[in-house]
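The values are calculated or read from the model by the stated rules, or taken from the named source; none is laboratory data. Just so it is clear, the model here is predicted, and its values are computed rather than measured. Note that each Cβ is placed from the backbone with ideal geometry, even for glycine, and that neighbours are counted across all protein chains shown.
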Amino acid sequence: MLNFQYYAPTKVVFGKGTEGRVGELVKKEGCKKVLVHYGGQSAKKSGLLDRVFDSLKEAGIDYVSLGGVVPNPRLSKVYEGIELCRKEGVDFLLAVGGGSVIDSCKAIGYGLANECDVWDMYTGKEKAKGCAPVGVVLTIAAAGSEMSDSSVITNEDGWYKKALNTNYGRCRFAVMNPELTYTLPEYQTESGCTDIMMHTMERYFVAEDTMEITDGIAESLMRTVMKNAKILLDDPKNYNARAEIMWSGTLSHNDLTGCGTNGGDWATHLIEHELGGLFDVAHGAGLAAVWGSWARYVLDEKPERFASFAVNVMGVEDQGDAKKTALLGIEALEDFYRSIHMPTSIKELGISPTEEQIKEMAQKATVGGSYSLGMFKKLHAEDIEKIYRMAL
Ligand code: NZQ
Ligand code: ZN
């Protein structure tokens, strides 16, 4: 096991009706004016946005609002938000939505707290020195941005999708009412469950020795997500299942399951981000489409790790041969994805990248071939191209 530092400063307010407390939570932050940031239609249609406005008014908090954040959130909306906040004197950002809205809020926060162009921090050209405070009312269990250090933004100029990870980007609070996720379409619910699985798996598939406690938490989390993802197929308004998934989503990406290791592999995520950037696919579904190909490509580095996953998470019988057991585990996870109507190939995402686009994605993922992806096995541009081709 490796030494580690664990930092999870976000206050979590979890359960029914908790969105009514948002005014009180913002007030405690001691801010003057809030930007309420949201997505397309869902928060308006469900009446959530009005309930949030009412709670702010009751607490005597002044606010402005900005909607229109799209999945795979765009840099142009971030610039619009920064300009509005500067004009209005906003000093607190409230995201009402999922990963896309939260990430857009964090990006606005970076833009407000730093003098450089916000995109330069996402490309690594400039270092972030702070971020304006962000709070969340979560409406989809998926990305885990409510407690993660990450923000992922797509620049329409060239369709680059880049993540910025710093502790400045951790939210002050996250209001999480599982009932708010009842209105999610099945595809979004199950894409979210896939993303939650993957945040845990990215940290699970590491080459070094891990901690028993960390593995135990991760394995239990993944079994819980699979069980409840299936329940939600037939019973989307099952409160307990929604709550299990929502809390799992947060725990899967607040670094808890990375304690004692090097923080994870993350190649599957970076391979998917290029699909999201170029083809605008739902993030979780994109992960499901490429994971099996990644797994088969890297398996030989440490088949024992995949065998543990097969036995402890997927319930596969130990075959007495690590590689055989491992392959059954990979198949079992793909079967699970099919059972929740997730794709297990790029074709099933409804897209067919050309050879030229495969090369473009591999180049972008490795910043022109100058970086490798992943820790379990280091992947170079030519490896990444092969994985895309295997996943077609
Ligand atoms: O825009 P609206 O109308 O709200 O519709 C959204 C959107 O179309 C809808 N939705 C959200 N809550 C709903 C709802 N529909 C009905 N009822 C509700 N209660 O769901 C759709 C997807 O929303 P989005 O916010 O895009 O989903 P998600 O949370 O999966 O976020 C995905 C984004 O997060 C990034 C992804 O790459 C992607 O850009 N990620 C962010 C991470 C982070 N910051 O830590 C980590 C992740 O690995 C991921 O990369
Ligand atoms: Zn993810």
Quiz item: If you scan the stretch 216-240, which residues turn out to be within 15 Å of ligand 1 (Cβ to nearest atom) and surrounded by 21 or more Cβ atoms within 10 Å (Cβ to Cβ)?
Solution: 225, 229, 232
Quiz item: Across the stretch 58-117, what is the total count of residues that are among the charged types (D, E, K, R) and either under 16 Å from residue 34 (Cβ atoms) or at pLDDT below 95 (or both)?
Solution: 7
Practice problem: Run down 370, 339 and say which single residue is loosely packed, with under 13 Cβ neighbours inside 10 Å and among the hydroxyl-bearing types (Ser, Thr, Tyr). | Solution: 370
Quiz item: Restricting to the stretch 8-64, what's the tally of residues that are in a loop (DSSP other than H, G, I, E, B) and either within 15 Å of residue 95 (Cβ to Cβ) or within 24 Å of the chain's Cα centre (by Cα) (or both)?
Solution: 11
Quiz item: With the stretch 76-156 as the region, which strands (runs of 3 or more DSSP E) entirely inside it contain at least 1 residues that are surrounded by fewer than 24 Cβ atoms within 10 Å (Cβ to Cβ) and either within 16 Å of ligand 2 (Cβ to nearest atom) or without any contact (Cβ under 8 Å) to a residue 60 or more places away in the chain (or both)?
Solution: 150-155
Exercise. Would you be able to tell me the number of residues in the stretch 313-336 that are over 30 Å from residue 281 (Cβ atoms), surrounded by 15 or more Cβ atoms within 10 Å (Cβ to Cβ) and either touching a residue at least 24 places away in the same chain (Cβ under 8 Å) or touching a Pro at 6+ places or on another chain (Cβ under 7 Å) (or both)?
Key: 1
Quiz item: Which condition number does residue 254 fail, the rest of (1) surrounded by 21 or more Cβ atoms within 10 Å (Cβ to Cβ); (2) in contact with a helix residue (DSSP H, G or I) (Cβ under 9 Å, 6 or more places away or on another chain); (3) not acidic (Asp, Glu) being met?
Solution: (2)
Quiz prompt | Candidate set from the stretch 186-215 (those that are in a helix (DSSP H, G or I) and among the charged types (D, E, K, R)); member that is farthest from ligand 1 (Cβ to nearest atom) | solution = 212
Quiz item: Can you name every residue in the stretch 258-308 that is surrounded by fewer than 21 Cβ atoms within 10 Å (Cβ to Cβ), away from ligand 2 (no atom under 16 Å from the Cβ) and assigned to a loop (DSSP other than H, G, I, E, B)?
Solution: 259, 260, 262, 302
